[in-house]
Structure formats: C-alpha cells, structure tokens
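Worksheet for the structure shown next.
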Amino acid sequence: MTSPALEQTEPLSRPLRSPRRFWRIKAFLRNWTAVTAAAFLLVVLLASVFAPFLSAHGPYDADNLSRYVPIGTEGYLLGTDQQGRDMVARLLYGGRISLLVGILPTLTASAIGLALGLLAGYTRGLADHVIMRCLDVVFAFPMVLLAIAIAGAMQPGVTTEIISITVILIPYFARLARTATQDIAAMPYIEAARAAGGSPADIMLRYVLPNVFSPVIVYATTLMGLMIVVGSGLSFLGLGVQPPTADWGAMVAEGRVVLRRAPHVTVLPGILILAVSLAFNFLGDGIRDALDPRSIRR
Amino acid sequence: MTDGSDITLEVKNLTTRFGSAKTGVTVVDGVSFSLKRGRTTALVGESGCGKSATALSVMQLLEPPGEVIAGEVRLGGVDLMRLGDAEMAEVRGRRIGMVFQDPMTSLNPLLPIGDQIAETLTAHTDLSRHEAKQRAVDLLTRVGVADAGRRVHDYPHHFSGGMRQRVLIAAAISCSPEIIIADEPTTALDVTVQAKILRLLYDLQQAMHASLLLITHDLGVVAAMADEVIVMYAGRIVERADVDTLFHRPRHPYTKALLACVEGISDRAAALEPIQGMAPDLKDPPPGCRFAPRCPSVRDVCRRQDPRLAPYSARHDVACLLVGEEAANG
C-alpha cells in the first residue's frame, strides 16, 4: 500500500543527454575577457615553470659590467638590475614563488574555510559557536600582523609563507561561506528538499554547497592577486624567501632604491603583479558567470 | 465518525509553540483532524491562523524556535512524532508529498529540474540515478510538461511559475505518497494558471487515490476542490464540515463572516463585509472565545468561557457557545 508505484514507468522516447558540463565550459568560453585572462595566466604559469628553458641567464648570475642595462639591450631583453642580473630570468624565477604564494594558500584556505563555514552555517548551534569563536580569535589580529607573527615563529622560507597566509585567510573564507550558507539555508528550496525527504548531508552537498561555491571562488580569485603582494611583504620583512631568491614583490622592493636610475627594475615586476591580479579577478568573474545556469543559452 | 480504514492521516491534539513556555506563542493549539483516502480536505483561515504551521508540524519541518509540544500524528498506525530524524526523512517525500506556495524559489536554481525530481526518487527507492531521471521524464509528462524528455535537463529559470509548480508537483508525487499536502499551491500564480494547477492536483489525487490536504485562504478554491473543510482561527479549529454544509449552513460566526467577505464579489464592493478588527495577538489571546472581540453576535458568556469544538450534527463540528442556544431557539 505504501510501495512507490514504479510500475507505471514507461520506456523513454528519446535518449537522455547529459550536456551540463559541456554547457558550462561553453558558457565560460563565450566570455572573452575571462578567456583572455585565463590564457594570460596560463602563459605566465608555464613560463615560470619552464624558466630554465626560457632564459639564457640564471636568476643569480650577476654581471658587474652590465648593471642597470636598459630594456632592449642585446643579451638582456628586459635589461638588468643593480647587480647586473638578467631581468627576464629574475621575473621568470620570481614568478614561480609569487604564483605559488598567490594561488596555493588561497585555494587551501578557501577549501578549509568553505568546509568550516558550511558546517557552521548549516548545523548552527554548538558547532557554529565553537568554529566561529575560534576563528574570531584569528580574525581579531590585523591580517599582515598575524602573518608576521606566524611566519616569525617558524624558519623563514616559502613553506612558512604559504602556511602563514593560509592560516590568516581561513577565517575570511569561513565567514563568507557561513553567511552564504545561512542565506541559502533559508531559501524555500531547502525546505522543499527537506520536505522531499532529503538527508541533511545530501541537502548540504547537492543544494547548499553549489550555491555557496560561487561567492567563495570569486573571493578566492580576488585574493590571489593580493596574496602575491602579502607574500612579498613577508619576504621584505625577512620572513619569506631570502635574497638572492626573489619573488616579484621583493624585486619591486629592491628596485625602489634605484627607481630614478633604472625604473624598469621596479616597474616590470610591478606590471606583472598588477596584470596577474587583474587576470585573476577577470577569471573569477568568468567562473562565477559560467557557474550560474542563467548564463546558459539554449 | 467515519470508517477507520479510510483514514490515512490522523492528527490528534496537535499543539505547536514558537519559543519558550513563558514567552512563546502557541500558533497551533490542540488541532485534531483526519484525512481520508481519495478525499480532499481544505484547511482555511486568515494569514497567521496556523494553517501552514499545522502542515509544517505534521511534516516536522519547523525551524527552531518552533516546536511541536503535544499531540499525535498517526500515519498507518505509527505516531510520526515518535519517529527519529532518519525515520521521518523516510516519511517525507515518500509517504507524504508536499507542494509549497512559491514555485519561483522552491527549486534549486543550480540543479536541472530532472535532477531535483530524481533526488526524491533516489532518496526513497533503490533506483539508480539514470533510472530516476527516466522516471522524472514520465512524471513531467504526467504533470503536463510538454517535451519532457528534453526539458528534464533544463534549469528552473527556463520555466514559468505555473510550469515550475508542475515540476514541484511532479517531485511531490514521485513516490506515489498516500498524502499530498499543498500549502497555498496557487497563491503565487496568475489566475488563469491557478485553475490549471488545481485541476492537475485534483486529477492526480483522484488517479492516485491519495488524500489531499489543501491549505488555502481562497474560498473559491475550497468550493471547487474540497470534500471536507476545516476552518481555523487563531491557532484553533472553529468549524469543520463537508463542503456543502459549510458553504450553505455555516454555524460559526467566523465562517459566516469569511463567506460574507467573498459573496461581496457578485454584489459589488458596497456589499462587501469586511470582518471588523484584527486577528488576536497569540502572545496574549483573549480569555474566552478567541473570536469574541470581532464577533457580531458576541454575548457576555463568550468573553469568559472558552468554547470547545463539539459536534453540531453528523460530520459537522463547531466551536461556538451560541450554536446550542441557536438550535434551541430554532
């Protein structure tokens, strides 16, 4: 009497197609700004990874006879810095660190923050209080000050930079995810899903998470550019990578003393930071739009 | 009152409160009713009278601070109030399907509608995801969505309000529940669409031989759909009767007043009779009859004595102190 009447099922007249993923990629590809940004980031990323093959000089090869060589000099396409090191090599090798520090902590922190925020926002009650109060402690410190404190407690280096930036970003992502989760949890379709007998885990993963995902991914891409700068700040304070290793931020910092004499030493890494940050932002917008099914044309 | 075997859902003395015993508001106060197989029961009343809270209490979907503090909800011999969360999740969607008021926000915007219908099926049956999606196509066809094989992949924003309500109905009936609860299913829709959706609900309920609990404030809908009508006021049932009796021989002054509000339509606005005053604040309900402050035929006794829902005639219960008196006077 209570068994679901499935015997009425008739064979399907036409085959089911499952074009969802395809449409999403197509929606992304229509957004030329985002595609350009993605392509640019890919080029920068690949160039950094394959830096040894792309530059004639090593990043630490100082040539004291050709210091402050301007852009376009033979042998030094983008000139040299105050120690006569090739700017191309410095930028490519620096990009390895800058991109790593910009991307990895942000992604790690967004994943952890998303999980914590979902849990806190969806379960509410005790779990919410415990998670959010703990994060409030982290939140109470200014972002960079805390990063300095964490990095200062460890050995200077890239790992330290990555860990400290990850830790300071987690509360930001958790707060965003929690607020978004609470907004979504109040939507009638969540009540409808519960009325249909969905389990809490099911509702969280299939209904809440996809809706919370977009603001988090957009926020993450926004922060990637900023974290390149924060990572440089840590290096500048002696807590991140140490000279002669340099990321873009450190190059800007080093070059600023000779800004009048050789502006390219500062300007080139500056332009790269700006361009990469912008590209991350455009990429984030593109991903958000592509994730929104309303962008799918039929 | 009726043959017990026909009863699908029996609600006894359901009491729901928002907040604590001291400061809380009792929004559903000792409500008892039963639903019968293949019949439609309409739950009517003004906004805030506890109609929706009753439905959510039955489904145990109340959000804190809302809480059912007393009563039984018996479904096939089992008191749902005694079930654990997981057992109750088995009941929801499978044995009781629910259709909500606002089709525009009751579907997940990021999930194709076919997946949302399949979600209910995979939660309650051992169908695979693919089989569930196939079944979703059948269900969509059944609720009147044209070209369902293609549209099953579409997202909610591709559908109009009426079509979305059809999708939600398809999800609600996907496991052939014994009971369908429809909470103001047409309130958010255009008048022209309303009739179609009601027709669909009626046809499905007849075909499935299910009980339909139709929550509405629209007496026109009640007249068209219901077999039995329950009138609620301020968290309590004030009158209960079959639809003909209720419309032609209402006994409770509140029911009479509700009907007078509607009859005005044919006689132009001059004849409209709004009910005077406001529904009482449930934080501090008036002593005696809760309708007394607005009742045109109020007596002194009404302000002191709280009327109980009592049989007036066979299948007609009224909660009014004046009813006996009226009967005695002829």
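The values are calculated or read from the model by the stated rules, or taken from the named source; none is laboratory data. Everything numeric in this text was worked out from a predicted model, so none of it was measured. Cβ sites come from the backbone with ideal geometry, for glycine too, and all protein chains shown count toward neighbours.
Structure above, values below:
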{"quantity": "Options A:Arg96, A:Arg85; residue that is within 30 Å of A:Pro243 (Cβ to Cβ), touching a residue at least 24 places away in the same chain (Cβ under 8 Å), of a type in the set (Lys, Arg) and touching a helix residue (DSSP H, G or I) at 6+ places or on another chain (Cβ under 8 Å)", "calculated": "A:Arg96"}
{"quantity": "A:Ser295, sole failed condition from (1) at pLDDT below 90; (2) closer than 13 Å to A:Met224 by Cβ", "calculated": "(2)"}
{"quantity": "Single residue of B:Glu87, B:Glu63 found to be within 11 Å of chain A (Cβ to nearest Cβ) and assigned to a helix (DSSP H, G or I)", "calculated": "B:Glu87"}
{"quantity": "Residue match in the range A:235-247 (condition: in contact with a Leu (Cβ under 9 Å, 6 or more places away or on another chain) and assigned to a helix (DSSP H, G or I))", "calculated": "no"}
{"quantity": "Residue among A:Val216, A:Val265 that is over 24 Å from A:Thr33 (Cα atoms) and not small (Gly, Ala, Ser)", "calculated": "A:Val265"}
{"quantity": "Options A:Ala195, A:Ala149, A:Ala174, A:Ala180: the member that is touching a helix residue (DSSP H, G or I) at 6+ places or on another chain (Cβ under 9 Å), of a type in the set (Gly, Ala, Ser), more than 12 Å from chain B (Cβ to nearest Cβ) and over 20 Å from A:Ser110 (Cβ atoms)", "calculated": "A:Ala149"}
{"quantity": "Subset of the range B:92-133 (residues that are of a type in the set (A, V, I, L, M, F, W, C), facing chain A (nearest Cβ under 7 Å) and not in a loop (DSSP other than H, G, I, E, B))", "calculated": "B:Met98, B:Ala123"}
{"quantity": "Residue within the range A:279-289 that is surrounded by fewer than 23 Cβ atoms within 10 Å (Cβ to Cβ), of a type in the set (Val, Ile, Thr) and either touching a Gly at 6+ places or on another chain (Cβ under 9 Å) or in a loop (DSSP other than H, G, I, E, B) (or both) present", "calculated": "no"}
{"quantity": "Hey, B:Ser211 polar (S, T, N, Q), more than 15 Å from the chain's Cα centre (by Cα), closer than 29 Å to B:Lys133 by Cα and buried (at least 24 other Cβ atoms within 10 Å of the Cβ) or not", "calculated": "no"}
{"quantity": "Close pairs (7 angstrom Cβ cut-off, 6 or more residues apart or separate chains): under 30 Å from B:Asp227 (Cβ atoms) in the range B:298-320, outside any strand (DSSP E or B) and of a type in the set (Lys, Arg) anywhere", "calculated": "B:Tyr312/B:Arg251; B:Val318/B:Arg251; B:Ala319/B:Arg308; B:Cys320/B:Arg251"}
{"quantity": "Residue satisfying all of: in the range B:154-176; more than 7 Å from every other protein chain (Cβ to nearest Cβ) and not in a helix (DSSP H, G or I); surrounded by the fewest Cβ atoms within 10 Å (Cβ to Cβ) among these", "calculated": "B:Ser160"}
{"quantity": "Qualifying residues in the range B:134-153 (those that are more than 23 Å from B:Asp183 (Cβ to Cβ) and more than 8 Å from chain A (Cβ to nearest Cβ)) - the one surrounded by the fewest Cβ atoms within 10 Å (Cβ to Cβ)", "calculated": "B:Ala146"}
{"quantity": "Considering residues of the range B:181-191 that are outside any loop (DSSP other than H, G, I, E, B) and either more than 11 Å from chain A (Cβ to nearest Cβ) or over 15 Å from the mean Cα position of the chain (by Cα) (or both) only, the residue farthest from B:Ala89 (Cα to Cα)", "calculated": "B:Val191"}
{"quantity": "Test: residue in the range B:109-118 that is under 19 Å from B:Gly93 (Cα atoms), surrounded by fewer than 18 Cβ atoms within 10 Å (Cβ to Cβ) and either small (Gly, Ala, Ser) or modelled with pLDDT of 90 or more (or both)", "calculated": "no"}
{"quantity": "Matching option when the condition is surrounded by 24 or more Cβ atoms within 10 Å (Cβ to Cβ) and under 30 Å from B:Leu56 (Cα atoms), among A:Gly113, A:Gly117", "calculated": "A:Gly117"}
{"quantity": "Filter pass, B:Tyr155 being aromatic (Phe, Trp, Tyr) and closer than 20 Å to B:His316 by Cα", "calculated": "no"}
{"quantity": "Residue in the range B:239-249 that is in contact with a Gly (Cβ under 8 Å, 6 or more places away or on another chain) and outside any strand (DSSP E or B) present", "calculated": "no"}
{"quantity": "Verdict on A:Ser235 being crowded, with 22+ Cβ neighbours inside 10 Å, more than 19 Å from A:Leu107 (Cβ to Cβ), of a type in the set (S, T, N, Q) and away from every other protein chain (no Cβ under 14 Å)", "calculated": "yes"}
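Residues are listed down the side, and each one gets a yes or a no for (1) in contact (Cβ under 8 Å) with a residue 24 or more places away in the chain; (2) over 18 Å from A:Ala290 (Cβ atoms); (3) more than 7 Å from chain B (Cβ to nearest Cβ):
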site: A:Ala186; (1), (2), (3): no, yes, yes
site: A:Pro200; (1), (2), (3): yes, yes, yes
site: A:Met204; (1), (2), (3): yes, yes, yes
site: A:Thr221; (1), (2), (3): yes, no, yes
